[in-house]
């Protein structure tokens with residue numbers, strides 16, 4: 001029954017009469033963001049990005065804040081979530097629910113038809129979301145397929161299509177300026193209230209891409225605003241450029257299988273990946289190339305800007321996005337880094353002294369890095385547990401995998417259908433050999449004279465086998481003999497003595 005106090009409304013810009021709405025997963029309850037879009041008198045687009053003002057409910061240094069800092073993020077699992085903030089906040093009072101007055105921090109951006117940003121305005125607001133759209137419904141609006149939709153949803157059609165057009169302009173401009181996007185496939189594991197487990201691929205619609213574009217825009221604009229205003233102590237998300245040596249190794253690996261990748265810069269890598277997509281029409285190989293390429297790139301990390309930082313500094317560059325500063329602002333309900341960014345931005349808007357010290361910011365950056373890794377690992381482990389539980393009671397699936405790494409001893413396979421990326425063994429009774437001339441790994445079927453040769457980007461058929469190890473369920477990959485639909489990989493029988501192989505030398509039992 002909580003209502004926004006009138007004195008708080010008086011301090012903010014009232015946008016409750018504007019056409020504002022959210023686009024999120026169908027059953028999401030922690031709604032961080034809403035959008036709006038109108039035309040200006042000059043014909044430009046005025047895009048509003050409205051983010052939940054969680055900082056209003058979580059004072060800095062309070063017990064609630066300290067607990068949120070310790071958690072740093074919301075943990076998501078197939079059957080439930082462990083929120084960073086109490087549910088009364090994350091799913092209700094902070095959440096930008098449909099037809100409810102809510103507090104927000106808004107960014108209004110005036111954008112030309114060429115994607116140039118004319119003006120940016122940051123302010124605290126009061127909003128009322130007219131509708132919570134899921135991605136599938138938003139996609140129907142984008143495609144103008146509105147026959148089956150309610151009138152209240154159809155009324156948003158023109159605005160959604162306008163937002164989509166602007167996001168496409170921004171996206172094309174971003175890639176023209178050197179941004180990079182690696183193809184990837186993800187799966188979603190769900191367990192409902194009846195303990196029914198389902199596994200299905202995560203499909204990226206135009207509506208998903210549209211929302212992502214506006215979140216990237218808001219995060220970049222906020223980081224630039226803070227760096228310009230306060231310089232030091234800004235929490236940014238940085239991803240260093242890969243070394244030329246690692247990129248050259250990636251290029252040579254691709255050449256071995258007749259895949260050409262130009263590593264001159266981000267734009268040429270992106271063009272090479274797009275050409276690969278057009279030529280091959282093979283999603284599995286595209287994912288494998290991206291997987292191998294990702295090993296050349298550094299992981300993104302949170303960092304805290306120092307006293308020497310200016311808007312022209314390059315040491316916090318995000319190489320994928322090709323921007324000098326990138327922050328996290330758009331998910332304050334479920335990420336502590338975003339909550340911190342809100343506090344810093346509000347201090348700037350209200351011309352107050354920064355409430356968070358530089359020492360605290362450095363500690364928060366380290367903590368957010370650690371907890372992000374923990375959350376990702378926990379989510380992957382939970383997915384594997386539920387997949388193993390499901391497969392343990394069903395017939396073991398046989399699916400296609402692809403080689404993404406070959407060493408003199410083992411082979412790593414990527415199986416996107418079950419989110420598996422791991423080294424596989426070929427069994428104790430399987431004879432194996434490493435060929436240095438073409439960097440291929442040969443193994444022989446048990447009780448057979450036939451050899452199978454695999455190298456980078458070779459496709460093989462694998463069986464997904466649930467296993468119990470140290471009281472924890474997981475998944476193993478078993479290469480089938482003979483591999484289904486892979487007869488072209490069979491190597492003609494020949495004497496082992498004629499093979500040019502590299503064998504590991506036997507280790508002496510003596511200790512030096």
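The values are calculated or read from the model by the stated rules, or taken from the named source; none is laboratory data. Everything quoted here is computed from the prediction, not taken from an experiment. Note that we place each Cβ from the backbone using ideal geometry, even for glycine, and neighbour counts take in every protein chain shown.
In the range 9-34, the residue that is farthest from residue 104 (Cα to Cα) out of those that are in a strand (DSSP E or B) and out of contact with any helix residue (DSSP H, G or I) (no Cβ under 6 Å at 6 or more places or on another chain) is 24.
Look at residue 284 and say whether it is touching a strand residue (DSSP E or B) at 6+ places or on another chain (Cβ under 6 Å), under 18 Å from residue 340 (Cα atoms), in contact (Cβ under 8 Å) with a residue 60 or more places away in the chain and in a helix (DSSP H, G or I). So residue 284 fails the test. In the range 72-104, what residues are within 24 Å of the chain's Cα centre (by Cα) and part of a strand (DSSP E or B)? Correct list: 73, 75, 76, 81, 82.
Among residues belonging to the range 143-169 that are assigned to a helix (DSSP H, G or I) and buried (at least 20 other Cβ atoms within 10 Å of the Cβ), point out the one that is nearest to the chain's Cα centre (by Cα). Taking the candidates together, the pick is 167. Residue count for the range 314-333 under the criterion of being closer than 25 Å to residue 270 by Cα and assigned to a loop (DSSP other than H, G, I, E, B): the result is 13. Restricting attention to the range 128-142, the residues that are part of a helix (DSSP H, G or I) and in contact (Cβ under 8 Å) with a residue 12 or more places away in the chain add up to 7. Scanning the range 116-141 for residues that are surrounded by fewer than 18 Cβ atoms within 10 Å (Cβ to Cβ) and closer than 30 Å to residue 202 by Cα yields 134, 136. Scanning the range 284-309 for residues that are modelled with pLDDT of 85 or more and over 24 Å from residue 244 (Cα atoms) yields 284, 304, 305, 306.
When 216, 226, 276, 247 are checked against the criterion of being free of Cβ contacts under 8 Å to residues at least 40 places away in the same chain and either surrounded by fewer than 14 Cβ atoms within 10 Å (Cβ to Cβ) or not in a loop (DSSP other than H, G, I, E, B) (or both), 276 stands alone in meeting it. Can you tell me which residue in the range 11-48 is surrounded by the fewest Cβ atoms within 10 Å (Cβ to Cβ), limited to those that are within 20 Å of residue 342 (Cβ to Cβ) and more than 32 Å from the chain's Cα centre (by Cα)? Result: 11.
Of the residues that make up the range 56-71, is at least one in contact with a strand residue (DSSP E or B) (Cβ under 6 Å, 6 or more places away or on another chain) and either outside any loop (DSSP other than H, G, I, E, B) or modelled with pLDDT of 95 or more (or both)? Among the residues of the range 56-71, at least one is in contact with a strand residue (DSSP E or B) (Cβ under 6 Å, 6 or more places away or on another chain) and either outside any loop (DSSP other than H, G, I, E, B) or modelled with pLDDT of 95 or more (or both), which makes the answer yes. Look at the range 373-402: where a residue is surrounded by 13 or more Cβ atoms within 10 Å (Cβ to Cβ) and a partner is part of a helix (DSSP H, G or I), sitting 6+ places away or on another chain with Cβ atoms under 6 Å, you get 399/417; 402/284; 402/288.
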